[in-house]
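**Q** Okay, handing you the structure first.
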Amino acid sequence: VIRCRAAVAWAVGKPLSVEEVEVSPPKAGEVRVKIVATSICRTDDHVLEGCFPNVVFPVIPGHEGAGIVESVGEGVTSVKPGDKVIPLCLPQCGECSFCLNPESNYCLKSHVSEPQNLLPDKTSRFTCKGKQIHHFLWVSTFAEYTVMPEYAVAKIDTAAPLDKVCLLGCGFPTGYGAAINTAKVKPGSTCAIFGLGGVGLSVVMGCKAAGASRIIAIDINKDKFAKAKKLGATDCISPHDFKKPIQEVLTEMTGHGVDYSFEAIGHVDTLTAALASCNMNTGVCVMVGVPASGSVISIDPMLLLSGRTWKGTLLGGWKMRDCIATLVSSYLEKKFNSDVLISHTLPIAKVNEGFELLRAGK
């Protein structure tokens, strides 16, 4: 058993508490990882707010991390102690019908199908003050050591800087892949991105990499515009600057709406606006943000009847266990610069300050 620090969420609506926890050794088919760096994703904030009814407290959140394998359980062959790895918040068991489908990046072992609050044998590897602590998406990267199934971890290049590539665990591939894999943005096309957080800015990078000729970035926080332009946005607009709905503004700017729109916020009203802002016949709208649990959208069916495509994306469409090593190699080859997304670096003891910066849009 390893004793180490972890940021524990004891109850909904309470700040994280940095505690000493006990982390049990990995059982058969499991891997124990020393987490070197983790980034904060809005999804972790949703956990603290209680937006996910199937997450059980107390829990150690965090799902965008990078680390080094400390030990492996019986039967583990894909990684060994000392390997640099990225834990995968979307597992790839390699055996379910989804994993076997080359066009799917979903896995039936993921949280959307069955909770990942405990490891597959329905027990936890975490205890604190004599209490069982739950896992989050099996990865719980807000702990200095964490245990996960082998199919929720992937080996990466030894040259990768862990404090930078931790972003490749969720936020960056989600946005970048939404453009490249899900929308399949074509060269010369026009794109609109609603929301310029880490994921939205990654969508901007994906649209730019795909050769879009016009990239319109939309956010109510104008402090985000400089970074969006640096990454490839051609126009930056705030809905607050117009008296008419933003979809009308975008339609006027482009003639018949954009070819591709992306919603990277998770609000019902912006989802509808993103759908209405793309071309009525050939436009593709991709839902990237996670709406609050229980959200319902009502739309005019004519928005879809005329030919638009509306689709969602899960982790940008990547089969993560197959693709993460390639994404890390692309990072090392400077094919994209995800470092731009890093605004602050804090010790784990200041994790709550990190969430305050996130909520303040900083």
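The values are calculated or read from the model by the stated rules, or taken from the named source; none is laboratory data. Keep in mind the model is a prediction, meaning the values are calculated, not measured. Neighbour counts are summed over all protein chains in view; Cβ atoms, including those assigned to glycine, are modelled from backbone coordinates with ideal geometry. Heavy atoms of the whole protein, side chains included, go into the accessibility calculation; ligands, DNA and RNA do not. Shrake-Rupley method; radii C 1.70, N 1.55, O 1.52, S 1.80 Å.
**Q** Which count do you get for residues in segment 309-318 that are over 30 Å from residue 18 (Cα atoms) and open to solvent by less than 30 Å² (accessible area, probe 1.4 Å)?
**A** 2
**Q** Between a first residue in segment 236-256 that is without any contact (Cβ under 8 Å) to a residue 60 or more places away in the chain and a second residue that is part of a loop (DSSP other than H, G, I, E, B) and of a type in the set (A, V, I, L, M), which pairs have beta carbons less than 8 Å apart while being 6 or more apart in sequence or on different chains?
**A** Sorted first by the residue in segment 236-256, then by its partner, the pairs are 238/220; 239/220; 240/220; 256/280.
**Q** Let me ask something else. Quick check on segment 275-308: of everything there that is in a loop (DSSP other than H, G, I, E, B), open to solvent by less than 40 Å² (accessible area, probe 1.4 Å) and modelled with pLDDT of 95 or more, which residue is farthest from residue 183 (Cα to Cα)?
**A** From segment 275-308, those in a loop (DSSP other than H, G, I, E, B) are 279-283, 288-301, 306-308; that's our starting set.
Subset that is open to solvent by less than 40 Å² (accessible area, probe 1.4 Å): 279, 283, 288-289, 291, 306-308.
With the extra rule that they be modelled with pLDDT of 95 or more, the set shrinks to 279, 283, 288, 306-308.
Details: 279: 14, 283: 10, 288: 11, 306: 18, 307: 15, 308: 12 Å.
Residue satisfying both the conditions and the ranking: 306.
**Q** Additional query: With 79, 56 as the choices, which residue is closer than 30 Å to residue 12 by Cβ and part of a loop (DSSP other than H, G, I, E, B)?
**A** Details: 79 fails: closer than 30 Å to residue 12 by Cβ.
Every option except 56 fails the conditions.
**Q** Quick check on segment 41-59: of everything there that is touching a Pro at 6+ places or on another chain (Cβ under 8 Å) and over 13 Å from residue 89 (Cβ atoms), which residue is surrounded by the most Cβ atoms within 10 Å (Cβ to Cβ)?
**A** Top of the filtered list is 48.
**Q** State whether the residues of segment 156-179 include one that is without any contact (Cβ under 8 Å) to a residue 24 or more places away in the chain and either among the acidic types (Asp, Glu) or open to solvent by 50 Å² or more (accessible area, probe 1.4 Å) (or both).
**A** No, that holds for no residue.
**Q** OK, next. Among the listed residues 335, 350, which satisfies the condition of being part of a loop (DSSP other than H, G, I, E, B), in the same structural domain as residue 110 (by the TED database) and open to solvent by 40 Å² or more (accessible area, probe 1.4 Å)? Can you show your working first?
**A** On the way: 350 fails: part of a loop (DSSP other than H, G, I, E, B).
Just one listed residue meets the conditions, 335.
**Q** Let me ask something else. Residue by residue through segment 254-268, note down the ones that are at pLDDT below 95 and assigned to a helix (DSSP H, G or I).
**A** 268
**Q** While we're here: Taking the options 157, 163, 219, name whichever one is of a type in the set (Asp, Glu) and over 23 Å from residue 321 (Cα atoms).
**A** 219
**Q** Name the single residue, out of those in segment 212-253 being part of a helix (DSSP H, G or I) and among the aliphatic types (A, V, I, L, M), that is most open to solvent (accessible area, probe 1.4 Å). Step through it out loud before you land on a result.
**A** Of the residues in segment 212-253, the ones part of a helix (DSSP H, G or I) are 222-230, 239-241, 246-253.
When the remaining residues are screened for being among the aliphatic types (A, V, I, L, M), the result is 226, 228, 246, 249-250, 253.
Details: 226: 78, 228: 0, 246: 21, 249: 9, 250: 0, 253: 56 Å².
Only one residue fits best here, namely 226.
**Q** Give me the strands (runs of 3 or more DSSP E) completely within segment 131-198, filtered to those with at least 3 residues that are more than 24 Å from residue 269 (Cα to Cα) and either of a type in the set (D, E, K, R) or modelled with pLDDT of 95 or more (or both), ordered by residue number. Steps first, please.
**A** On the way: elements: 131-133, 145-149, 153-155, 190-194.
In segment 131-198, the matching strands (runs of 3 or more DSSP E) lie at 131-133, 145-149, 153-155.
**Q** Which residues, taken from segment 338-347, are touching a residue at least 12 places away in the same chain (Cβ under 8 Å) and either in a loop (DSSP other than H, G, I, E, B) or charged (D, E, K, R) (or both)?
**A** Initially, segment 338-347 is screened for residues touching a residue at least 12 places away in the same chain (Cβ under 8 Å), giving 338-345.
Residues satisfying the conditions are 339, 342, 343, 344, 345.
**Q** Can you pull out every residue in segment 117-130 that is assigned to a loop (DSSP other than H, G, I, E, B) and under 23 Å from residue 81 (Cβ atoms)?
**A** If we filter segment 117-130 for residues that are assigned to a loop (DSSP other than H, G, I, E, B), which is where we start, we get 117-125, 129-130.
Within segment 117-130, 119, 120, 121, 123, 124, 125 meet the criteria.
**Q** May I ask you to list the residues in segment 1-36 that are farther than 23 Å from residue 73 by Cα and outside any loop (DSSP other than H, G, I, E, B)?
**A** Just the residues of segment 1-36 that are farther than 23 Å from residue 73 by Cα, to begin with: 7-20.
Within segment 1-36, 7, 8, 9, 17, 18, 19, 20 meet the criteria.
Here's the yes/no breakdown for (1) outside the structural domain of residue 35 (by the TED database); (2) open to solvent by 60 Å² or more (accessible area, probe 1.4 Å); (3) not polar (S, T, N, Q):
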site: 79; (1), (2), (3): no, no, yes
site: 83; (1), (2), (3): no, no, yes
site: 89; (1), (2), (3): no, no, yes
site: 98; (1), (2), (3): no, yes, yes
site: 105; (1), (2), (3): no, no, no
site: 121; (1), (2), (3): no, yes, yes
site: 125; (1), (2), (3): no, no, yes
site: 137; (1), (2), (3): no, no, yes
site: 153; (1), (2), (3): no, no, yes
